[in-house]
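This is the structure I want to talk about, given as structure tokens.
The values are calculated or read from the model by the stated rules, or taken from the named source; none is laboratory data. Small disclaimer: the values here were computed from a predicted structure and weren't measured. Methodologically, a virtual Cβ is constructed for each residue, glycine included, from the backbone with ideal geometry; neighbour enumeration extends over all protein chains shown. For the accessible areas, the whole protein counts, side chains as well, though only heavy atoms, and no ligand, DNA or RNA atoms are used. Shrake-Rupley method; radii C 1.70, N 1.55, O 1.52, S 1.80 Å.
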Amino acid sequence: MCGIIGYTGQREAAPILLDGLARLAYRGYDSAGIAVSDAGGHLLYCRAAGKLEKLIEKYQSGAAFHGSAGIGHTRWATHGAPCEHNAHPHFSYDGRVALVHNGIIENHRQLREELTRDGYVFRSETDTEVVVHLLHRCLAESGSEAEVLRMTLKRLSGSYALAILFASRPGEVWAVRRESPLIVGAGYGETFLASDVPALLPHTREVYEPAPDEIVRLAPDGIEILGEHGSAAPPRLTHIAWDADAAEKNGYGSFMEKEIHEIPGVLRRLLAVREPILPPSIAESLTGLVFIGCGSAYHVGLSAASFGETLTGLPVRVVIASEFRYHPVPLSARELVVAVSQSGETADTLAALREAKRRGAYVLAIVNVVGSSIAREADAVFYIQAGPEIAVATTKAYCAQVAAVYRLFLAIAAARTGSGYAAEISAALDSVPDAVETLLGERDTIRSLAAPLKEKNDVFFIGRGADYPACLEGSLKLKEISYIHAEAYPAGELKHGTISLISRGVPVIALVTQPPLAEKTLSGVEEVRARGAEALVFHDGEVPIPPGISAFPLPHVHPSLAPLISAVALELIALETAELRGLDPDMPRNLAKSVTVE
Ligand code: F6R
């Protein structure tokens with residue numbers, strides 16, 4: 001979703017803003033813009049629809065301006081088409097206030113009518129533009145920018161991260177957030193703001209996340225928090241320990257490729273963490289678990305649910321967060337709600353978490369981004385520590401979250417009864433990173449398996465038991481980055497309708513990693529082959545496959561842990577297919593890394 005960047009210091013602002021926007025591009029966007037305040041206090045801007053290159057080209061071929069304070073924005077369209085006049089920054093009609101915004105102003109229609117009655121003329125279809133006119137109107141009533149901001153915020157409902165330039169305050173950038181991510185960073189003689197850490201890493205690792213509606217003034221000499229009665233205590237900065245390479249491709253062709261190759265290391269780190277994932281007192285008294293998440297994060301819960309039920313004997317439900325928030329799923333006080341989110345900012349998951357808490361549930365968050373809203377609002381948080389995930393499609397965070405959920409179930413089993421099965425899985429988990437490494441050594445074979453897919457319009461995935469959620473995840477990966485229509489089915493379900501879509505040449509990818517179910521899934525494979533499908537089977541190396549079927553043996557792991565290995569195999573299939581189709585796997589069309597709107 002939208003990305004925000006801001007800078008003030010001694011250097012030229014525009015190149016820093018453009019570089020920051022490039023580092024936020026992974027969040028997904030369809031137009032971009034920057035504004036800079038020059039030495040004379042004038043606010044100058046450049047905006048363009050489409051990719052950042054368009055903005056850079058426009059800036060360099062004529063619009064180039066100078067100034068050492070500025071703001072920038074990548075927009076993921078919600079209200080109004082992705083065109084130049086809807087791109088941020090937006091300006092007051094006299095050009096004295098410029099603003100960029102991430103989030104949604106929910107009462108924008110009502111405010112637009114009110115401001116129009118007051119004579120304000122709107123130049124965009126965005127919800128954002130009301131904020132800049134409100135600021136302008138309040139400026140007529142109060143000379144203090146902090147007070148103007150406070151008056152404006154009182155009128156807004158919805159979510160926002162705002163960065164603002166006032167012509168009256170050259171060299172300063174003002175910021176405020178509610179529900180949308182925003183961090184500020186302190187350098188030497190310069191300060192920054194951004195939606196996310198990767199944009200700041202080249203400049204500083206000392207950051208502060210403003211509390212909701214806290215008004216922040218950035219100046220070259222520091223960050224000031226403005227309370228009702230003037231300057232509050234200086235912000236307590238947090239040091240970001242990520243290494244500077246974490247947000248670079250380091251020789252890989254794409255971030256997605258790099259992140260898949262990081263999976264063994266991420267899993268090793270996660271398995272070495274010794275802190276309890278859940279307070280034992282909570283684990284002992286549980287009567288069930290409910291997982292909430294969106295997209296791949298929803299598949300995390302599905303992937304581990306049947307394993308968790310077998311291991312703990314507790315019922316496990318998995319609910320899509322956007323459904324949970326409006327559908328009153330029965331919840332008992334002793335059920336654990338587990339919110340799964342890489343970004344920790346997904347609006348639907350955050351709302352579902354709040355709904356669960358409102359209904360008295362204890363919520364554990366499994367999150368990657370430290371300090372994110374979901375992490376902060378949950379009762380307990382387990383950080384997967386996967387490092388920054390830049391590619392839009394989640395890979396390393398997905399695997400780390402599945403592994404974290406396995407560890408959660410093992411901890412619950414240990415606190416309740418303990419079991420031989422738990423000890424067996426616990427030991428088996430340690431072999432998974434090596435197995436993933438072995439699989440990554442098979443890139444060439446996987447690329448050749450992906451080659452026929454690049455010309456196809458539809459791909460079907462089938463699997464039984466733990467293989468089915470892994471198929472759901474594999475099909476999501478394939479469709480989101482290769483734009484090939486893909487669907488996943490429990491292998492026994494195809495003949496209840498969907499088999500009518502199977503005809504000569506249609507690819508069907510089958511996962512066969514569960515020995516007791518192997519024969520059954522292979523019967524499904526024969527059924528689709530009999531109708532002309534091109535079947536490709538990914539199987540556990542120890543499960544025999546009849547001759548004549550195109551098959552790839554996955555490195556062997558305990559069958560309960562196979563979803564971790566098949567996830568990586570299908571991530572590679574999706575990556576190779578996207579590349580073979582000449583697509584950029586990191587930034588699929590229409591998608592955003594962090595979905596901060598409903
Ligand atoms: C798919 C993908 C998305 C996310 C979903 C939730 O590859 O990345 O489906 O899993 O948008 O995001 P988080 O985990 O940040 O809540």
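Starting from the Cα of HIS239, step 7 Å toward the Cβ, then list every residue of the range 197-228 with an amide N under 12 Å from that point.
205-207, by backbone N distance to the label point.
Using the per-residue mean of other Cβ atoms lying within 10 Å as a proxy for protection, in what order, highest first, do the peptides 290-299, 217-226 fall?
Going from most to least packed, we get 290-299, 217-226.
Computed over the Cα atoms of the chain, what is the ratio Rg over Rh, Rh following Kirkwood?
With Rg and the Kirkwood Rh in hand, the quotient comes to 1.00.
Let me ask something additional. Output the relative contact order of the chain, whole-number percent, from Cα pairs under 8 angstrom with separation of 6+ residues.
Relative contact order, the chain: 12 percent.
Run the accessible area of the chain with a 1.4 Å probe and give the carbon-and-sulfur part as a rounded percent.
Carbon and sulfur together cover 52 percent of it.
Also, I was wondering about something else. Take every DSSP beta bridge whose two residues both sit in the range 443-598, then give the antiparallel share in percent to the nearest 5.
Once the DSSP bridges in the range 443-598 are tallied, antiparallel ones form about 0 percent.
Students often check this: by mean Cβ neighbours within 10 Å, which of 233-239, 322-328 ranks highest, and how do the rest follow?
Most protected by this proxy first, the peptides run 322-328, 233-239.
Let me ask something else about it. To make sure I understand the rule: partners must be lysines, Cα under 29 Å from the Cα of LYS495, and not fewer than 8 residues away in the same chain. Which ones qualify?
Those lysines meeting the cut-off are LYS454, LYS456, LYS477, LYS479, LYS520.
What is the packing order of peptides 143-153, 459-469, 256-266, taking the mean over residues of other C-beta atoms within 10 Å and listing the highest first?
Taking the mean over residues of other Cβ atoms within 10 Å, the ranking is 459-469, 256-266, 143-153.
Roll a 1.4 Å probe over the protein chains and send me the accessible area per residue for the chain in Å².
Normalised by residue count, the accessible surface of the chain is 37 Å².
Is it possible to state the helix-based mean residue ellipticity at 222 nm for the chain, with each DSSP H run of 4+ residues giving -39500 (n - 2.57), the sum divided by total residues, to the nearest 500 deg cm²/dmol? What is it?
Helices in the chain give a 222 nm mean residue ellipticity of -10500 deg cm²/dmol.
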